[in-house]
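The structure under discussion appears below in the form of structure tokens.
Please treat every number below as a calculation from the coordinates, not as lab data. What you are looking at is a predicted structure, and each value in this text was computed from that prediction instead of being measured. All Cβ positions, even for glycine, are placed from backbone atoms using ideal geometry, and neighbour counts span all protein chains on display.
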Amino acid sequence: MAVPIRLLFRRVFRFSHRNINVDSSGVAGGFICSCRPSSCRCFSDSTTERSTHFGFETVPEAEKATRVYKVFENVAQKYDVMNDAMSFGIHRLWKDALLHVMHPQPGAQLLDMAGGTGDIAFRFLEYVCFQQEKRRRRAARSVQAPSWQHLEPDTSAGKEDGPVRSRAVVCDINKEMLSVGKQKADGMGIHEGLSWVVGDAEELPFDDDQFDIYTIAFGIRNVTHIEQALQEALRVLKPGGRFICLEFSKVTNPLLARIYDAYSFQAIPVLGEVIAGDWKSYQYLVESIRKFPDQEEFKQMIEDAGFYCVQYRNLTAGVVALHSGFKL
């Protein structure tokens, strides 16, 4: 009887060693458990994928980007109409507020990430043109009535005097959204200083230190790895460049919060079905807002990515928050 027992122990021992292999770093290779004070998430490093949220649904991380792409592919043609319907046109005021915070000057280089239909880029170019016209009028007045500075000898001869032209790059992972934006630009006669690029917020197709301003409006909550997107924003900004994010957030007024929740879940998907013929996409959009970090949490994420002087401003009692920060 002793021999069979010893044989049984040997088999159990060999079986356990086959399933728990320790690599050179001393980590067991079968299952990995990442534990935090509030939760414990276990996953296999070989067969089981990490999970994330798609609205209120839990999905594999690798699947989220594809599903988000499908959402915006479905709603692209009616996206702007739905924005007006859902917000009663208030989204236009939120975007105007972003431009006033940005206050771009002639020569500024903008990257508008998740900019699909071009709303931010169009406003940027219009704002810069207005600033250029102000400078021209000021220069014309100074020629007519020169100040004492202009009476000094001109020492600028020989210096290059070619101002850098402003440029807006609209980058979006969704080709259908960019196509709608291009059609709008053509209809508005906007061609100069504007380009359209297909790109992923988590892996931008641009070199380091390229832009003065990075904006993302109502897009970052759809990114699978927000931290990675923030790191990429930091990378492509020039030193001193500015990050500006406009996103739905946590309503600060309790009464408004109840009304907002009722409207979001009971009315917006219905509007989506009636106007865009797509209930599920707008159900996801409503749910994704509730899964996004609140104002202070997102501010901390931006700071952790390496930005400084990070601040935010609540719009419409926190329905939307406008975060900004600078690159050193």
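Laid out as a table, the results:
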quantity	calculated
Within region 161-233, chymotrypsin sites (Phe, Trp or Tyr not before Pro) in DSSP loop having at most 11 other beta-carbon neighbours inside 10 Å	none
Region 265-319 shape via C-alpha gyration tensor axes, a/c threshold 1.5	prolate
GluC sites (Glu not before Pro) within region 160-241, DSSP loop, no more than 13 other Cβ atoms inside 10 Å	E160, E192
Links that overshoot a 30 Å alpha carbon limit, given the list K184/K327; K78/K238; K134/K175; K184/K280; K175/K238	K184/K327; K78/K238; K134/K175
Candidate aspartates and glutamates for bridging to K70, where Cα separation is under 14 Å - those fewer than 8 sequence places away on the same chain excluded	D172, E176, D278
